[in-house]
1. With farther than 22 Å from VAL13 by Cα, touching a Leu at 6+ places or on another chain (Cβ under 8 Å) and among the β-branched types (Val, Ile, Thr) as the only criterion, which of VAL76, VAL46, VAL42 stands out?
2. Name the pairs: first residue in segment 33-62 and touching a residue at least 40 places away in the same chain (Cβ under 8 Å) and closer than 18 Å to VAL76 by Cα, second residue among the charged types (D, E, K, R) and surrounded by 12 or more Cβ atoms within 10 Å (Cβ to Cβ), Cβ to Cβ under 6 Å, at least 6 apart or on different chains?
3. Scan segment 17-41 for residues that are under 17 Å from SER95 (Cα atoms) and either surrounded by 14 or more Cβ atoms within 10 Å (Cβ to Cβ) or β-branched (Val, Ile, Thr) (or both) and jot them down.
4. Regarding segment 130-146, can at least one residue be identified that is modelled with pLDDT of 95 or more, in contact with a Cys (Cβ under 9 Å, 6 or more places away or on another chain) and among the β-branched types (Val, Ile, Thr)?
5. Is segment 5-27 home to any residue that is within 16 Å of SER145 (Cβ to Cβ) and out of contact with any strand residue (DSSP E or B) (no Cβ under 6 Å at 6 or more places or on another chain)?
Amino acid sequence: MRAVVQRVSSGSVVVDNQTVGSIGKGFVVLLGVSEKDTDQDVAYMVDKIVNLRIFEDQEEKMNLSLLDVGGEMLVVSQFTLYGDCRKGRRPNFMSAARPEKAVALYEEFVSKCSALNVKTETGTFQAYMQVQIVNDGPVTVIVDSEKLI
């Protein structure tokens with residue numbers, strides 16, 4: 001799994017002119033699922049993201065996690081995170097998971113975050129979405145469950 005995590009003061013998702021998810025202070029997580037991903041990847045990503053210490057403490061150091069600050073999370077499916085742009089000019093999405101696998105792992109990720117008492121909102125899987133993000137900082141990090149060794 002691969003995620004772009006943005007620390008935000010607010011975020012929302014609009015589908016067909018209707019807001020389907022919105023949050024205040026927290027994270028907007030653009031989440032991509034690969035063909036290789038399993039339940040273990042979901043568990044790793046949930047633990048890593050909710051415990052990322054990228055909120056400032058009283059000394060203005062990034063030392064607090066989403067759980068520490070009672071932040072919210074907006075999770076948006078994003079298969080394009082697995083677009084391989086190394087050859088040619090059009091991304092190759094062959095390593096992105098097929099929709100039936102991706103939706104199951106995406107929903108498991110959302111469920112596990114909610115189970116940790118994180119207010120978790122979502123977009124609409126496979127829909128055309130307009131994502132509104134007010135990045136705070138800006139602070140943006142990439143988290144990947146793939147072993148690089």
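1. Working: VAL76 fails: farther than 22 Å from VAL13 by Cα; VAL46 fails: farther than 22 Å from VAL13 by Cα.
After applying the criteria, what remains is VAL42.
2. As it stands, the answer is VAL42/GLU108; VAL46/LYS112, since those pairs meet every condition given.
3. Listed by number, the residues that qualify are LEU30, LEU31, GLY32, VAL33, SER34, ASP37, THR38, ASP41.
4. No, every residue in segment 130-146 fails to be modelled with pLDDT of 95 or more, in contact with a Cys (Cβ under 9 Å, 6 or more places away or on another chain) and among the β-branched types (Val, Ile, Thr).
5. no
Results for (1) small (Gly, Ala, Ser); (2) surrounded by fewer than 16 Cβ atoms within 10 Å (Cβ to Cβ), shown as yes or no for each residue.
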residue	(1), (2)
ASP47	no, yes
PHE55	no, no
MET73	no, no
TYR106	no, no
CYS113	no, no
ASN117	no, yes
GLY123	yes, no
VAL139	no, no
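Residue by residue, here is whether (1) aliphatic (A, V, I, L, M); (2) within 21 Å of GLU121 (Cα to Cα) holds:
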site	(1), (2)
ASP57	no, no
ASN63	no, no
LEU66	yes, yes
GLU72	no, yes
ASP84	no, no
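The values are calculated or read from the model by the stated rules, or taken from the named source; none is laboratory data. No experiment lies behind these values; they were computed from the predicted model shown. Positions of Cβ are generated from backbone atoms using ideal geometry, with glycine treated the same way; all protein chains shown enter the neighbour counts.
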